[in-house]
2 protein chains.
Amino acid sequence: MHSTELLKGTLQTIILKILADHGKMYGYEITQRVKELSAGTILLTEGALYPTLHKMEAEGLLRTETEAIGKRIRKYYSLTPVGKNIVEDKVSEFIAFIKTMSTVLNVAIA
Amino acid sequence: MHSTELLKGTLQTIILKILADHGKMYGYEITQRVKELSAGTILLTEGALYPTLHKMEAEGLLRTETEAIGKRIRKYYSLTPVGKNIVEDKVSEFIAFIKTMSTVLNVAIA
DNA sequence: CATAATACCTAATTCTCTTATGCATAAGAC
DNA sequence: GTCTTATGCATAAGAGAATTAGGTATTATG
């Protein structure tokens, strides 16, 4: 498990990019996908994920559609046009940040 | 100016590595060095820096020596043996985090 | 049939940083 | 010569994003 401090500020970027790559997904599925992609080192907590998803929906970045699986409900999230527009900006911002940090820390990334 | 959210959790790593590379430095000097290395995109605020330096000193990672420059006082910080020991751990942790993130975000870094 | 996994959610707290403020000396502009 | 900027330290109140802890309920597994 990575130091969770570093993860701060990356949650929205992760959500946006994963939805951009994979299409519609539900909350629990996002946690599992991130866990899998990160080899178990990034464990999104529900207390952080769900409020963030709701916030992003309220901001018009995501939209939802509900699906009933038996008696259980799944709430699928997908990108709105606005959301699609900012994905690359967010990813680019992250990459720029990494490059700056590698200079400041005087280390090679990659 | 980078999104400051991403910066969270990196302050201690920055301080440790900069002191490791440059030897003793005082607070204001650290802010200027980081500003310079980051081409003005990372501006450490005093409200974050000073309390963090004090905390790291209290934790035994840094030690201080005061120097009078005219009537002004400079407080130089340098790494203790304990501090030196954890610098590479912190940097490695950051690099590992970056690699994980590049996989999760499905992007190439560098 | 009990436990783990799936699936959603909110509230209280914690932690880190920003913003605002304060004090004081030194240098440069005009 | 005085006014602004830069240097240099520091703390306190507040914001923001996460963790921790709690709640509800269905489905699969051993």
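Values as computed for the structure displayed
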{"item": "Restricting region A:1-24 to residues that are within 13 Å of DNA strand C (Cβ to nearest atom) and facing chain B (nearest Cβ under 9 Å), the residue that is modelled with the lowest pLDDT", "result": "A:Ser3"}
{"item": "Yes/no for B:Lys8 being surrounded by 14 or more Cβ atoms within 10 Å (Cβ to Cβ) and in contact (Cβ under 8 Å) with a residue 40 or more places away in the chain", "result": "no"}
{"item": "Total residues in region B:25-54, condition farther than 26 Å from B:Pro81 by Cβ, more than 14 Å from DNA strand C (Cβ to nearest atom) and of a type in the set (A, V, I, L, M, F, W, C)", "result": "1"}
{"item": "Test: residue in region A:78-95 that is on the phi > 0 side of the Ramachandran plot and in contact with a helix residue (DSSP H, G or I) (Cβ under 7 Å, 6 or more places away or on another chain)", "result": "no"}
{"item": "All positions within region A:53-110 that are within 16 Å of DNA strand D (Cβ to nearest atom) and of a type in the set (Ser, Thr, Tyr)", "result": "A:Thr66, A:Tyr77"}
{"item": "Hey, B:Leu49 touching a helix residue (DSSP H, G or I) at 6+ places or on another chain (Cβ under 9 Å) and under 15 Å from A:Val104 (Cα atoms) or not", "result": "no"}
{"item": "Filtered residues of region A:44-73 (kept if touching a residue at least 24 places away in the same chain (Cβ under 8 Å) and surrounded by 15 or more Cβ atoms within 10 Å (Cβ to Cβ))", "result": "A:Leu44, A:Leu49, A:Thr52, A:Leu53, A:Met56, A:Leu61, A:Leu62"}
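The values are calculated or read from the model by the stated rules, or taken from the named source; none is laboratory data. Worth saying up front: this structure is predicted, and the values here are computed from it rather than measured. Cβ coordinates were reconstructed from backbone atoms using ideal geometry, including for glycine residues, and neighbour counts include every protein chain displayed.
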